[in-house]
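Data first, discussion second: the structure below is written as C-alpha cells.
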Amino acid sequence: MQESTVEVHGYAVRTLEAGTGPTILYLSGFGGLAWSPLLEQLSQNHRVVATEHPGFGRSQIPEWMMGIGDLALFYLDLAETLDLEEAHMAGHAVGGWIAAELAVRNTARLKSLTLLAPAGVVVPNVSIADLFLIPTDELLRRQVHDPAAPASAEWLKQQAAVEIDVVLQNRAALARIGWSPRLHDPQLPYWLHRIDVPTLLVWGDDDQLVPVACSQPYVDAIAGIELMRMPKTGHALQAERPAEVAARMRAFIAGTRK
C-alpha cells in the first residue's frame, strides 16, 4: 500500500493505493481514512484507491465545503483528475452517502456502485444514531456485533489508538456536512432513481448506527439493486466480515463486465 496526495483544483487530498486490475475508488466512513482488512482483500485483484475526505484527518476544512453535495462534486472532479473510466465506486457510512449523492448527479465515469451501510437516508420512526452525542468509547463499541470476536477486538484496539486530535477533526468535518438534519439528506430519496449503474447494497443486520431499515428507500428506488444483509454483523462490516464482503463485491464487479 502506498500513500500519496492528489491535487484537485488546488486542494490536496490524501490517498492510499494498492493492487492492480479494475479500479475501485473507495470512500471511507465516519472514522476517516484507514487501510482496512476489506481494502486489503480487494487489492488482491483490483486497483484500490482510498481517499481521505476534505476536512478529515489533519487537513483543514475547506471554505467551499458547506454540505454533502459539495463533496459529491469534489469527487466528480477527483475522478476526472485521476482520469478514471468505468471505475467501481464504493463507500462506507458517510462515504456511501457521498457516493450515492455523486451517482444521482453523474455516473459517466462509473461502472458500478457499492454502498456499505450508507448514511444519508432515514425512514419513519428510524433514525441514524447521533454520533455527535455518543462518547467515543461507546461509539466504537456500538459499531460491532460482538466486541469480543477476534476481528472486532483488533479493530476496536486500532480505532482506540487513533490520536484524539484526528478524532475531533473528523467530527468537526462531519458536523459541517451532517449536523442539520442529522446525517441525512431529505431530498436524496427523491433522486435515487437517477442511479443508472449496477448497484450493490451491503448492510449488517445488527447495525446500531445506521439501522438496516434505512436500506428500504435504496431498494425501492434503484433499478436492479442487489441487497446483501449480513446476520450477526454491525456497522463496521468492513472490519468484522472483510472476506465475505470482499467476495460478494468481487462477484458483483465481475458480473458488471458482461
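The table that follows gives values for the structure above.
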| quantity | calculated |
| --- | --- |
| Any chance residue 200 is assigned to a strand (DSSP E or B), modelled with pLDDT of 95 or more and either more than 14 Å from residue 119 (Cβ to Cβ) or out of contact with any Asp or Glu (no Cβ under 7 Å at 6 or more places or on another chain) (or both) | yes |
| Pairs, first in contact (Cβ under 8 Å) with a residue 24 or more places away in the chain and farther than 21 Å from residue 211 by Cβ in the stretch 166-195, second outside any helix (DSSP H, G or I) and among the basic types (Lys, Arg), C-beta under 7 Å, six or more apart | 166/58; 169/58 |
| Residue 27 vs. criteria closer than 16 Å to residue 81 by Cβ and either at pLDDT 95 or above or among the aliphatic types (A, V, I, L, M) (or both) | yes |
| Any hit, the stretch 95-104, residues being in contact with a helix residue (DSSP H, G or I) (Cβ under 7 Å, 6 or more places away or on another chain), surrounded by 14 or more Cβ atoms within 10 Å (Cβ to Cβ), part of a helix (DSSP H, G or I) and of a type in the set (D, E, K, R) | yes |
| Pairs where the first residue, in the stretch 209-226, is within 27 Å of residue 142 (Cβ to Cβ) and surrounded by fewer than 20 Cβ atoms within 10 Å (Cβ to Cβ) and the second is among the charged types (D, E, K, R) and modelled with pLDDT of 95 or more, C-beta under 6 Å, 6+ apart | 212/205 |
| Unmet criterion (only one of (1) in contact with a helix residue (DSSP H, G or I) (Cβ under 6 Å, 6 or more places away or on another chain); (2) under 16 Å from residue 29 (Cβ atoms); (3) surrounded by fewer than 22 Cβ atoms within 10 Å (Cβ to Cβ)) for residue 233 | (3) |
| In the stretch 43-67, the residues that are on the phi < 0 side of the Ramachandran plot, in contact with a Gly (Cβ under 7 Å, 6 or more places away or on another chain) and not aromatic (Phe, Trp, Tyr) | 43, 44, 45, 46, 47, 48, 52, 61, 62, 65 |
| Test for residue 137: is it among the acidic types (Asp, Glu) and not in a helix (DSSP H, G or I) | no |
| Flag for residue 23 being out of contact with any Phe, Trp or Tyr (no Cβ under 9 Å at 6 or more places or on another chain) and either of a type in the set (D, E, K, R) or closer than 26 Å to residue 250 by Cβ (or both) | yes |
| Candidates 87, 129, 108 - the one that is at pLDDT below 95, on the phi < 0 side of the Ramachandran plot and more than 12 Å from the chain's Cα centre (by Cα) | 129 |
| Top-ranked residue of the stretch 160-178 - restricted to ones that are farther than 16 Å from residue 52 by Cβ and within 18 Å of the chain's Cα centre (by Cα), ranked as surrounded by the fewest Cβ atoms within 10 Å (Cβ to Cβ) | 175 |
| Residues located in the stretch 243-258, provided they are modelled with pLDDT of 95 or more and either part of a loop (DSSP other than H, G, I, E, B) or of a type outside the set (A, V, I, L, M, F, W, C) (or both) | 244, 248, 250 |
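The values are calculated or read from the model by the stated rules, or taken from the named source; none is laboratory data. Just so it is clear, the structure is predicted and the values come from calculations on it, not from any experiment. All Cβ positions, even for glycine, are placed from backbone atoms using ideal geometry, and neighbour counts span all protein chains on display.
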